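The structure appears right after this line, and notes come after that.
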Amino acid sequence: METKFPAGFLWGGAIAANQAEGAWREGGKGPATVDMIPHGKDRLAVKLGQQKRFSWRDDEFYPSHEAIDFYHRYKEDIALMAEMGFTVFRTSIAWSRLYPQGDELTPNEAGIAFYRELFSECKKYHIEPLVTLCHFDMPMHLVKEYGAWRSRKTIDFFTRYARTCFEAFDGLVKYWLTFNEINILLHSPFSGAGLVFEEHEDPQQVKYQAAHHELIASALATKIAHEINPQNQVGCMLAGGNFYPYSCKPEDVWAALEKDRENLFFIDVQARGAYPAWTRRMFREQGIAIETLPGDDDILKHTVDFVSFSYYASRCASAEMNNGNTSAANVVKSLKNPWVEASEWGWGIDPLGLRITMNMMYDRYQKPLFLVENGLGAKDEPDASGNIHDDYRISYLREHIRALAEAIDDGIPVIGYTSWGCIDLVSASTGEMSKRYGFIYVDRDDQGKGTLARRRKKSFWWYKKVIASNGADLD
Ligand code: BG6
């Protein structure tokens, strides 16, 4: 059996604090944006920043409050990941565990202690932590007092928090990501960047101003990480998946190019160090005026070391697309592609799309890539003995790992692969538990009922074999 994966390739899985930890008011943690996002009919409006939710209500269920209780069970969970042979584990730090309000001058020591123990536990098994500083959560106080990323002040709060992390976890963590799926700010502005809109406002103006602040914050964090330890490797993170033109009609090709640019804008800045030329015209035509400070251009020149991305599905665009004829895979609106199958949630299953996306990104950025999310959200039905035969998940992952191997063979340097939701967790888009991604089953339902017990699925044993053979044995 020959493998196309290089020696030392990192294999593992990914989760995020906001979808796994729970313990939302323990250890001094402050309420975060995600803690205001309910399960049920209002969820989308809150995530989009159309419905203001500055506090929680007694008559609603908030999946993040307990999530899968990773906060208390991480030792058991990391042991299971080690059993699969993980060499990398991606998670995020909940900003409001370290800075409960966000604008304090000193961090909450209990929060630091928790993550130090978590990362040490990973190291015990020779698992490299890959840590996202901001994954769809931020202290709620920053939203209420400052308007979150609308305010330039948030850059200072974030860089203080980032510095604390780089110092406190120096020697434990080497791989860092600044913002998870930074382009999702455009598509899901409250969960992406804590933005809520007033009626008279132009959302595009608000979003791109906030984007500028995040990009400056990301560049500054990258600089600080390198100053604190030159060994630190910092990446940006894109919700990836190319747009295909719906037809070869030139207008459709142009529409697809524009849609790709909209998402890649962020990575263009983080990986190349400057706004792409086309933004000048786009801002002018859309009447967007971004406030900047002298020196911003220089700050942006601190580019990332590698480009990370998620890939679940490819997308499709036409000149005529509108809200009526689109569906949303990973909250990015897309036409349904008649050439690919879709998951139960309508996300197009397209392994070749992964190879296409990776080749496009490497051609564009010439930096190592890291595939930090990929997977199939599916319903699992335990049999009478409680076993889960998730062959559908195995087959999705097998085909995507094959495509990844092809991309490596195309000459692309790839640091590693962390499949999403290696342990079942709360879905970011729907808040469901029943949209499962894991190799490890968690006994909990969409209403928050269940024992939270963990159980290995069939895919657990399959992935263990994949890792042990460094990707050679995918059967
Ligand atoms: C990405 C996010 O958008 O996709 C994760 O970074 C998210 O937080 C994942 O969970 C899968 O999406 P969903 O909506 O199925 O949970």
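For region 248-352, state which chymotrypsin sites (Phe, Trp or Tyr not before Pro) are in a DSSP loop and have at most 14 other beta carbons lying within 10 Å of their beta carbon. Walk me through the intermediate numbers first.
Numbers: sites: Trp254, Phe265, Phe266, Trp278, Phe283, Phe306, Phe309, Tyr311, Tyr312, Trp339, Trp345, Trp347; in loops: Tyr311, Tyr312, Trp339, Trp345, Trp347.
Passing both the DSSP loop test and the Cβ count: Trp339.
Which lysines have a Cα lying under 18 Å from the Cα of Lys379, excluding residues fewer than 8 positions away in the same chain?
Within reach: Lys435, Lys449, Lys457, Lys458.
In the chain, what % of DSSP beta bridges are antiparallel (nearest 5)?
Percent antiparallel among DSSP bridges in the chain is about 20.
Within the accessible area of region 326-422, what % is carbon and sulfur when the probe is 1.4 Å and the other protein chains stay in place? The partial results should precede the final answer.
On the way: 2020 of 3910 Å².
C and S atoms contribute 52 percent here.
Enumerate by residue number the trypsin sites (Lys or Arg not before Pro) in region 9-44 meeting two conditions: DSSP loop (anything except H, G, I, E, B), and at most 16 other Cβ atoms within 10 Å of the site's Cβ.
Arg25, Lys41
In debye, nearest 20: dipole of the chain around its Cα centre with unit charges on the Cβ of K, R (+) and D, E (-)?
Working: 54 positive and 65 negative charges, 63 e Å.
In total the dipole reaches around 300 debye.
Just by accessible area at a 1.4 angstrom probe, what is the order of Met358, Met1 from largest to smallest?
Heavy-atom accessible area, descending, gives Met1, Met358.
Quick one: order Glu291, Glu251, Glu399 from most to least accessible surface, probe 1.4 Å.
Solvent-accessible surface, decreasing: Glu291, Glu251, Glu399.
Which order, highest average first, do 114-126, 204-216 follow once you tally other Cβ atoms within 10 Å for each residue and take the mean per peptide?
204-216, 114-126
Give the ranking of Glu198, Glu341 by solvent-accessible surface, highest area first, calculated with a 1.4 Å probe.
Sorted by accessible area, descending: Glu341, Glu198.
Over the heavy atoms of Trp462, what accessible area does a 1.4 Å probe trace out, to the nearest 10 Å²?
Surface open to solvent at Trp462 totals about 10 Å².
Give the separation of the Cα centroids, region 139-163 to region 310-380, in Å.
Result: 31 Å between the Cα centres.
On a straight-distance basis, which lysines could pair with Lys336 in a cross-link, Cα separation under 18 angstrom, same-chain partners fewer than 8 positions away excluded?
Reachable lysines: Lys249, Lys259.
At 222 nm, what value in deg cm²/dmol follows for the chain if DSSP H runs of at least 4 each add -39500 (n - 2.57) and the sum is divided by all its residues, to the nearest 500?
It comes out at -12000 deg cm²/dmol, rounded to the nearest 500.
For the chain, what is the accessible area per residue in Å², given a 1.4 Å probe and the full set of protein chains?
Result: 38 Å² of accessible area for each residue.
Could you pull out the trypsin sites (Lys or Arg not before Pro) across region 386-475 that fall in loop regions by DSSP (anything but H, G, I, E, B) with no more than 13 other Cβ atoms inside 10 Å?
Hits after loop and neighbour filter: Lys449.
The values are calculated or read from the model by the stated rules, or taken from the named source; none is laboratory data. Everything quoted here is computed from the prediction, not taken from an experiment. Every residue, glycine among them, receives a Cβ derived from its backbone with ideal geometry; neighbour counts consider all protein chains shown. Note: areas computed on protein heavy atoms with side chains; ligands, DNA, RNA excluded. Shrake-Rupley method; radii C 1.70, N 1.55, O 1.52, S 1.80 Å.
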